[in-house]
Amino acid sequence: KKSTLTISCNNSNSDRFQSNNITRDTSGSPLLTNDNKSSTGRDLSINHDEHDRSTEEYGLNSIDNDGEQYDATLEMVGQYTSNQHSSGDNTSTSRAVSSLDSRKTESSLSEKGLSSLDRFKLVISLWPYTIPLFTVYLAEYMLQAGVWSAIGFPVTNPGARAQFYQYSNWTYQAGVFVSRSSGNIFIASLRVIWLMPFLQALNLFLFWSISMHHYWYNYSLLILCFFSGLLGGGVYVQGYSRINTDLPISLREFAISSASVADGLGILLADIFSLFIQSCIYEKNGVEGAVVSCPL
């Protein structure tokens, strides 16, 4: 003779077990079967060697022969799942221990645990990324604010200078858009990142020479403006991508924030130097309106 009991209980951790049928055989030993699965997809079942456990061991109330539903205590589910994990889930346990060790290692490298001296040393160690960022922004903003504002066809016409300045900056932004999109395609090496600021400095020298001597003086210069945008945007996106790739994850946020000071400093100095570059070009071309005097 067998009697069946359906129990319902909730595990407060995450698993929910529903409609578990308990069957008692003629010897009075409870047999536990499961009609449903937990939220993690695991079946709840008890091996035959455990059939002789008493009803009280699982915390069940009395069972009658009419199949009336009773609530089982949480200890039964907790004890069973604990037995299952300790007996057969050694792989998961090993993975959990490895993950914990990894998190401990990362936390020891976190910037929150660094002293002021360690932070300073970390900032200095970012020079392979910050020097290209500083240089490329210094050169390109000297181009924009200093040289391009002093080019026009003819240069003595304020409207012509304003028109070239507008077109050159639109073309420059197009180059920036294209190069910054490259971060989703590939990550450049540090050698390439260092090459681009050097090319930008050559670009600055070429534009300054053209503005002074007019040997290539027409709207085809916009090609070089586009090239300038490619170089500036390329160093920006590739430099920060390399930081994100090369540094431990626990230090990336601090490193990226620190490296951003380099391009900001480059822009600041470029705006100051541009005042003198523009005044020298104006003086060479007989244009009035310079804010400062040319030091040369």
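The values are calculated or read from the model by the stated rules, or taken from the named source; none is laboratory data. A quick note: this is a predicted structure, and the numbers were derived from the prediction, not measured. We place every Cβ from the backbone using ideal geometry, glycine too, and count neighbours over all the protein chains shown. Accessible surface is based on the protein model in full, side chains and every heavy atom, while ligands, DNA and RNA are left aside. Shrake-Rupley method; radii C 1.70, N 1.55, O 1.52, S 1.80 Å.
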Report task. State the number of residues belonging to region 171-197 that are surrounded by 13 or more Cβ atoms within 10 Å (Cβ to Cβ), hydrophobic (A, V, I, L, M, F, W, C) and either in contact with a Leu (Cβ under 8 Å, 6 or more places away or on another chain) or free of Cβ contacts under 8 Å to residues at least 60 places away in the same chain (or both). Result -> 8
Requested in this report: Report yes if residue 223 is among the aliphatic types (A, V, I, L, M), more than 13 Å from residue 139 (Cα to Cα), out of contact with any helix residue (DSSP H, G or I) (no Cβ under 6 Å at 6 or more places or on another chain) and in a helix (DSSP H, G or I), otherwise no.
Outcome: yes
Query raised in the report: Does residue 168 fit the bill of being farther than 22 Å from residue 267 by Cα, of a type in the set (Gly, Ala, Ser) and either open to solvent by 70 Å² or more (accessible area, probe 1.4 Å) or touching a residue at least 24 places away in the same chain (Cβ under 8 Å) (or both)?
Result: no
Query raised in the report: What residue, among those in region 204-236 that are surrounded by fewer than 21 Cβ atoms within 10 Å (Cβ to Cβ) and among the polar types (S, T, N, Q), is nearest to residue 287 (Cα to Cα)?
Result: 209
Query raised in the report: In the set 290, 259, which member is in a loop (DSSP other than H, G, I, E, B), of a type outside the set (D, E, K, R) and open to solvent by less than 70 Å² (accessible area, probe 1.4 Å)?
Result: 290
Query raised in the report: With (1) free of Cβ contacts under 8 Å to residues at least 40 places away in the same chain; (2) closer than 18 Å to residue 259 by Cα as the list, and residue 152 as the residue in question, which single condition is left unmet?
Result: (2)
Requested in this report: Test residue 159 against the criterion of being over 30 Å from residue 243 (Cβ atoms), among the small types (Gly, Ala, Ser) and not in a helix (DSSP H, G or I), and give yes or no.
Outcome: no
Report task. Would you be able to say whether some residue in region 132-140 is open to solvent by 60 Å² or more (accessible area, probe 1.4 Å) and either at pLDDT 95 or above or in contact with a strand residue (DSSP E or B) (Cβ under 6 Å, 6 or more places away or on another chain) (or both)? Result -> no
Query raised in the report: Do you know which residues across region 280-296 are modelled with pLDDT under 85 and closer than 19 Å to residue 210 by Cβ?
Result: 296
Query raised in the report: Does residue 277 count as out of contact with any His (no Cβ under 9 Å at 6 or more places or on another chain), of a type outside the set (Asp, Glu) and open to solvent by 50 Å² or more (accessible area, probe 1.4 Å)?
Result: no
